[in-house]
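Below you'll find the structure, written out as structure tokens, and then a few comments.
All of the numbers you see were taken from the coordinates with simple rules; none came from a lab. Computed from a predicted model, the values in this text were never measured in an experiment. Glycine also receives a Cβ, built like all others from the backbone with ideal geometry; neighbour counts cover every protein chain displayed.
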Amino acid sequence: MTTIILVIHSLLALVLIGVVLIQRSEGGGLGIGGGGGGGGLVSARGTTNLLTRTTAILAACFMATSLVLAIMAGGSTKSRSIVDDIAPAPSSTLPAGSTPATPRAPVAQ
């Protein structure tokens, strides 16, 4: 389950990077990203709205998968001690209710 969510998370990250990179710059601080865009099927404003919405949806999905992965990783931890790994010594191999045999006295020859 973790592997599937991790693959989805990685794909979301790559698609989110791609969507952010194809958006037009609005600041114009570097002198790039000015006006333009010809008349096509979708207007410049429509494309901007679509990319903004897509970015928001992808970002929300990315955050959701991040939270799910964090919860799954944190839920499986439990405090362990080295003492817990030591197997207890066997108390007895006799069946219940039986008594151990007493050693016999040596026989003189």
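Here are some notes:
- Distance between the 7 Å Cα→Cβ label points at Leu14 and Ala64: 2.1 nm.
- Taking Arg104, Arg53, Arg24 and counting other C-beta atoms within 10 Å, the order from fewest to most: Arg104, Arg53, Arg24
- The length gained on full extension between Ile22 and Ile82, counted as 0.36 nm times the residue separation minus their Cα-Cα distance, comes to 16.2 nm.
- Going from the residue with the fewest nearby Cβ atoms within 10 Å to the one with the most, Leu21, Leu67, Leu6 rank Leu21, Leu67, Leu6.
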